[in-house]
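Here the structure comes first, spelled out in structure tokens, and everything after it is commentary.
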Amino acid sequence: MKVLEINDRGIKLLEDGEIINQGLFQNEEDIPREIKELLSIYEVFDEVTLKIKIVLDNEIILQIKDVISEKGWSLKEPEVITKKIKVLLSIIIIIEFIFGLSIYLKNYKLDTENLNLKKEIISHRKNLKELDIKLSEISLDEDEELKFKKTKIGDSLVFLSKACKKCDVNLEKIEFLENKIILNGTGKNINSIFKLKKYLSMDKKIIESKFDFIKKEGEILYFLMELETS
């Protein structure tokens with residue numbers, strides 16, 4: 001089976017990948033005539049596959065097919081490859097890649113946020129468990145005061161949890177003292193840590209807030225903050 005290839009350099013008739021005949025043309029209108037002359041030299045007709053590697057008008061393509069048929073050759077699975085199709089396929093592939101990448105990054109961000117949230121919840125549960133153990137050791141005569149302290153601590157934990165989430169800060173340890181709360185945690189940058197201090201200072205129950213230290217280890221900032229409460 002032979003292949004009739006039309007490209008920007010001319011017309012080629014190939015068999016098993018080897019050029020057995022070829023012709024040239026100056027413009028599109030010359031192509032059907034050149035193909036007719038090229039096929040006319042053969043007395044034995046064959047089956048040919050048409051490969052068009054340039055952009056041609058549909059009318060020219062139809063004329064080429066008619067010429068092939070008129071010369072007694074049979075046409076098999078004509079293939080039209082244009083630059084426009086290549087560009088369109090490239091654009092589709094790029095769009096699919098960008099779309100897939102955006103979904104991956106979004107899922108990665110959500111997984112990271114969920115993991116950090118789970119760590120915070122586990123830390124808060126651990127702190128509450130430790131507080132329950134300590135409070136359970138108080139005598140039954142102090143039952144009313146115990147209820148008040150547990151309620152007060154619970155409210156404080158909820159407030160601190162919301163504040164940390166809003167400021168993108170993680171708490172590793174919370175210590176409740178008499179009229180004082182000690183916060184030990186980490187932040188991605190100095191702005192998030194000072195944002196937490198400013199946010200906490202807006203609460204009427206907090207009289208004063210100050211840092212004992214802020215230090216950097218690698219890419220993480222560690223801090224210790226004291227909150228004086230009413």
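The values are calculated or read from the model by the stated rules, or taken from the named source; none is laboratory data. All of these numbers come straight from a predicted model, not from anything done at the bench. Reconstructed Cβ throughout: ideal geometry from the backbone, glycine too, with neighbour counts over all protein chains shown. Please note that ligands, DNA and RNA were not included when accessible areas were found on the heavy atoms of the full protein model with its side chains. Shrake-Rupley method; radii C 1.70, N 1.55, O 1.52, S 1.80 Å.
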Review point. Of the residues that make up region 71-80, is at least one assigned to a loop (DSSP other than H, G, I, E, B), of a type outside the set (K, R) and open to solvent by 20 Å² or more (accessible area, probe 1.4 Å)?
Key: yes
Exercise for review: Considering only residues that are under 40 Å from the mean Cα position of the chain (by Cα) and open to solvent by 40 Å² or more (accessible area, probe 1.4 Å), look in region 216-230 and name the one that is modelled with the highest pLDDT.
Suggested key: Y222
Point to revise | Residue satisfying condition, being within 49 Å of the chain's Cα centre (by Cα), open to solvent by 40 Å² or more (accessible area, probe 1.4 Å) and modelled with pLDDT under 90, within set I103, I98 | key: I103
Exercise for review: Search region 184-215 for residues being among the β-branched types (V, I, T) and in a helix (DSSP H, G or I), and hand back the single one that is surrounded by the most Cβ atoms within 10 Å (Cβ to Cβ).
Suggested key: I193
Review point. Since E145 meets every condition but one in (1) out of contact with any helix residue (DSSP H, G or I) (no Cβ under 6 Å at 6 or more places or on another chain); (2) modelled with pLDDT of 85 or more, which condition does it not meet?
Key: (2)
Review point. Do any residues in region 94-117 that are closer than 15 Å to D168 by Cβ have Cβ atoms under 7 Å from those of residues that are surrounded by 10 or more Cβ atoms within 10 Å (Cβ to Cβ), where the two are at least six apart or on different chains, and which pairs are they?
Key: N116/N170
Exercise for review: May I ask you to verify whether K109 is more than 22 Å from R9 (Cα to Cα), outside the structural domain of D8 (by the TED database), at pLDDT below 85 and among the basic types (K, R)?
Suggested key: yes
